[in-house]
Every structure is written in structure tokens, then in C-alpha cells.
Amino acid sequence: MTGSSNPRRTPARNLPSGEERARLVRDMFDRIAGRYELLNAVMTAGLYKLWNRKVVRATGLRPGDTALDLACGTGSLTRALANAVGPTGSVLGVDFSSEMLRAAEARPAPNVEYRLGDATDLQGVPSGRFDAAAIAYGARNIPDLDGLFAEMNRVLRPGGQAVCLEIARPAGKLAGAFYGLWFDRIVPRVGGVISGDAHAYSYLPESVKEFVAPGELAVIMERNGLQNVTWSRLGGGIITLHSGTGSRDGPR
Ligand SMILES: C[S@@+](CC[C@H](N)C(=O)[O-])C[C@H]1O[C@@H](n2cnc3c(N)ncnc32)[C@H](O)[C@@H]1O
């Protein structure tokens, strides 16, 4: 499912890439879908709600607007975006895990549609369709980052906002030590116990380790047509928030 033909794809070290990575990720989220939101709340000490609000603010969405939530999972950010656009707006959530979508659809809203699909190949979605497009904790699961951001730029109207929230390895020593303890030791154990899937929660720190540095992510966004890309760190450095503006430019 994930596009595997792009020569500029970031090479993975321990994790597979292309089709094999996509299958691993999809199967894993299918297995943990029922416990995902509980685990997210525990792992982030409830902070994911605050970070969702930061994403919504960064999109600049207003009532009546249209938004896209890529790798929407169980719809936590999708619902926050739907609140921002209100009853006259609409949000499309796209994910390739049918079980994550099933959990999302258990909390329906009249202004939200969920669709099974690949974030790097949004078939049937017209160009320039959205005022904002967001992805939260999804990019690090997608080896074809060029494909992801080229699609985001394509479906955004020129001037619309693209926002990417992701877990990152913090730069500072103290935050780095905390991160090492939390993500490398506690998360795999606690996540394994709550989800009953030890592999899923050892994948998480591994995927963060292999993800591109924040500056490199900004370069990837820009070379796929997004403009004025900026990024900042949240949560003591363990979260990054990137934003860029949609343009008519294609990938460079
Ligand atoms: C960590 S969850 C994040 C879910 C949600 N965005 C949130 O904020 O809770 C990552 C999601 O990315 C989805 N995903 C990974 N690769 C994808 C792809 N290529 N296309 C669509 N969804 C993808 C997974 O199925 C999973 O639901």
C-alpha cells in the first residue's frame, strides 16, 4: 500500500520498508485498535489532548472549512478538527487500518467521514480540496515521506495549512535521559501489558529512533511543494509540530 518506488525514500535501519513495513504497521494497529486510545492517554499522561489543540490552532481552521486528517486512527484528532470547523464544515479521516477506523466510526459525527486508504496515494480525492491537512503520530510509520507530503500539498488549496505532529528524540541531555527511560524502557513494558501486544510497543521507540530529524522533515515538506515551513518542539522536546503552506508547486 505504501508507495515503494520513490528513490528518495528515507532508508530504514532495523525496520523493514515498502510493502513489508506497511503490512507490519497495518496489522499491528489492527491488533491494538481496541486499546489504542487508553494507551495513548496513559503513554502521554493525558497530554495528547493538549497537543491535538495545538495542531488545530496551527491549521488556522475556521467554521465552515474543510479538513483532512491523515492516518487518523481512532479519530482523536479528527474529532478536534471537526469541532473547529463546526456543523457547516467537514472533515475527512483517512487510515489504512480497518480496525482503527472501526473504533473511529463508533463515535460518529455528522460533519466527519472516515475512509479506508493510503496517506501516500489519496485515490479519488480531488486536488485543492481542503483548507487544512493534518497528520498526528502517523509520519514516522510512513517510509515514503515524499509521497505523503506531495499528496498533502496536492489536496490542499493554495494557502491552506499542512500540519504534522510527531514524536521526536529530544535534543537536551536531561530530556534525552527522561526520553530514554520513558520510551525505551517504560513504554514497551506498560504498552505490552495493557495492549497484550509486546511487539507493538517495542516498535514505537524503534520507529522514533529511525525517523528523520526535525530539520530534515522540514526539508522534505518543502521539496514537495509546501512553503514557509516552520517547526517547534512541544512537551519538553519529545514532540515536534511542523507546519507549511500549500502551493501549486509540485515535488522538486
Ligand atoms: C499512532 S497512530 C495515530 C492515530 C491518530 N492520528 C492519533 O492521533 O491518535 C498511527 C496511524 O497511522 C496509520 N497509518 C500508518 N501508515 C499509514 C498509511 N500509509 N496510510 C494510512 N494510514 C496509515 C495506522 O494505521 C495508525 O492508525
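The values are calculated or read from the model by the stated rules, or taken from the named source; none is laboratory data. Predicted model, so just to flag it, every value in this text is computed and none were measured. Neighbour counts are summed over all protein chains in view; Cβ atoms, including those assigned to glycine, are modelled from backbone coordinates with ideal geometry. Ligands, DNA and RNA are stripped out before the accessible areas are found, and what is left, the full protein with its side chains, is counted by its heavy atoms. Shrake-Rupley method; radii C 1.70, N 1.55, O 1.52, S 1.80 Å.
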Value of Rg/Rh across the stretch 117-252 [Cα atoms, Kirkwood radius]:
1.03
Fraction of accessible area attributable to carbon and sulfur, the chain (%, probe 1.4 Å)
54
Simple spin-label estimate for N14 and E222 in nanometres, 7 Å along Cα-Cβ
3.2
On a straight-distance basis, which lysines could pair with K173 in a cross-link, Cα separation under 22 angstrom, same-chain partners fewer than 8 positions away excluded?
K209
Once the in-chain neighbours fewer than 8 apart are removed, the aspartates and glutamates whose Cα is under 13 Å from K54 read E166
May I ask you to give the average projected area over all directions of the convex hull of the Cα atoms of the stretch 49-92, in nm² rounded to one decimal?
2.7
Multiplying the sequence separation of L174 and R115 by 0.36 nm and subtracting their Cα-Cα distance, what value in nm do you get?
17.1 nm
Dimensionless Rg ratio for the stretch 24-134, taking C-alpha atoms and the 2.2 N^0.38 Å reference
1.03
Pairs of Cα atoms under 8 Å, at least six residues apart: use those to get the relative contact order of the chain, whole percent.
20
Could you state the principal axis extents of the C-alpha atoms in the chain, from the largest down, to the nearest angstrom?
43, 39, 34
Here the FRET efficiency for N83 versus D249, based on Cβ atoms and R0 = 25 Å and rounded to 0.05, is 0.20
For V112 the rounded accessible area (nearest 10 Å², probe 1.4 Å, non-protein molecules ignored) is 30
Once normalised by the length of the stretch 101-159, the mean sequence separation of its alpha carbon contacts under 8 Å that are 6 or more apart gives a contact order in percent of 40
Using label points projected 7 Å from each Cα along Cα→Cβ, tell me how many nm separate S202 and R102, to one decimal.
2.7
